[in-house]
Amino acid sequence: IEAQAQETPVISASVEHELVRLRNAVRVDVEELDAIRAEIKALEGLDAEAKGQALRQSDIDRYLGRLQEAVQNYQKAQQDDSLAKRLADVQGKLTKLAPTVSTDQIRERTRKILNALSDQCAKITPNLDAEWKNARIGLSITDLTIKVRHD
């Protein structure tokens, strides 16, 4: 083994020097590559920011277009007297119909109708084979159920 070890050529100084030079070149290239990667990331960040600004600008442009259209429609409506007359007619009809569709009146009518139905049910239940024939029956619209009121 010692004989074979002595026969292997010793690396010369010039080869050693070449290895050091190549390692330094690789290190410089790696540093340059890292710098390029950092620059790419920075550009990608700027690109994303630019895309966001373009999107915001597009949204602003659409909003301004809709606003301009609404202003034009409003101006046209102001010039047309027939629309104002029709609006006044509709408001007059609403004023006339408001008492007939008030929520308080609707609740009162509903309560009266449910009481009338309950009275009709009270006439029918004694003839049925029910557990509590004389119990008061109530109708629930919200639950869609028949409720028996018994002590």
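Derivation of every value follows stated rules applied to the coordinates shown; laboratory data play no part. Nothing here was measured: the structure is a model prediction, and the numbers come from that model. So basically every Cβ, Gly included, is an ideal-geometry build from the backbone, and we count neighbours across all protein chains shown.
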inquiry  = Angle check, please: helix 81-97 long axis (alpha carbons) against the longest principal axis of the chain (alpha carbons), in degrees 0 to 90, nearest 10.
reply    = 60
request  = Using Cα pairs closer than 8 Å and at least 6 residues apart in sequence, work out the relative contact order for region 102-151, in percent.
outcome  = 26
key: Inter-part distance where region 105-136 and region 51-73 are each reduced to a Cα centre, Å   = 61
task = Quickly work out the N24-to-D59 label distance, labels modelled 7 Å from Cα along the C-beta direction, and quote it in nm with one decimal.
result = 5.5
key: Helix 103-124 vs. the chain, principal-axis angle (Cα, 0 to 90°, nearest 10)   = 60
inquiry  = Only four residue types carry charge here, +1 at the Cβ of Lys and Arg and -1 at the Cβ of Asp and Glu. Report the dipole size of region 1-97 about the Cα centre in Debye, rounded to the nearest 20.
reply    = 1480
query = What FRET efficiency comes out for the pair I146/Q91, r = Cβ-Cβ distance, R0 = 41 Å, nearest 0.05?
reply = 0.45
note = Dividing the mean separation of Cα pairs under 8 Å (6+ apart) by the residue count of the chain yields a relative contact order in percent of 8
